[in-house]
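Below: the structure, in structure tokens.
The values are calculated or read from the model by the stated rules, or taken from the named source; none is laboratory data. These numbers were taken from a predicted model, which means no experiment stands behind them. Methodologically, a virtual Cβ is constructed for each residue, glycine included, from the backbone with ideal geometry; neighbour enumeration extends over all protein chains shown. In case anyone asks, the SASA skips ligands and DNA or RNA and just uses the protein heavy atoms, side chains included. Shrake-Rupley method; radii C 1.70, N 1.55, O 1.52, S 1.80 Å.
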Amino acid sequence: MPSDIKKAAIALALSCISTLLAVYFDGVEFAEIGFSNPITLGFNFVWTLVIAWIIWDLFKGKEIKLTLILVSIVMLISTAWDISAFGFGMAQQFYALELILFIAAYCFVNTQASKAWYLKKNA
């Protein structure tokens, strides 16, 4: 497994941590959207499972580029809405970092070494 695939997995794991930190800071400022809200807690649990699933697919050699693009689009829209509603505070900085880390993961799975590994893994 090339180091770029490992870097992509690390970027995805860090993006998940970034999201959890963002929700924590949202909760500090607005208690109704923090981890004390069962709906917010549930969505974050599901989100963590989604990230774990994407990393699992990455290690299995499945093509995740389209997934990364679609999820990034949803995150971009969500972050833009969040910034328009709450301004650019600490939480929004972590949401933006999450998006940047997803883009980094996409770049890592697009390298020549990663493409060669995908071809070999799926041959």
Residues being surrounded by 11 or more Cβ atoms within 10 Å (Cβ to Cβ) and in a helix (DSSP H, G or I) - total across the stretch 59-72: 7
Residue identified as within 20 Å of Phe25 (Cβ to Cβ), at pLDDT below 95 and not polar (S, T, N, Q) among Phe45, Phe59: Phe45
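Count, please, the residues in the stretch 28-58 that happen to be within 22 Å of Ser3 (Cα to Cα) and either open to solvent by 80 Å² or more (accessible area, probe 1.4 Å) or outside any helix (DSSP H, G or I) (or both).
2
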Top-ranked residue of the stretch 2-27 - restricted to ones that are open to solvent by 50 Å² or more (accessible area, probe 1.4 Å) and touching a Phe, Trp or Tyr at 6+ places or on another chain (Cβ under 6 Å), ranked as nearest to Thr67 (Cα to Cα): Lys7
Residues within the stretch 73-93 that are open to solvent by 40 Å² or more (accessible area, probe 1.4 Å) and either under 23 Å from Ala52 (Cα atoms) or in contact with a strand residue (DSSP E or B) (Cβ under 7 Å, 6 or more places away or on another chain) (or both), tallied: 6
Qualifying positions in the stretch 94-115 - touching a residue at least 12 places away in the same chain (Cβ under 8 Å) and open to solvent by 80 Å² or more (accessible area, probe 1.4 Å): Ile103
Residue match in the stretch 3-18 (condition: farther than 30 Å from Asn122 by Cα, in contact (Cβ under 8 Å) with a residue 12 or more places away in the chain and under 11 Å from the mean Cα position of the chain (by Cα)): yes
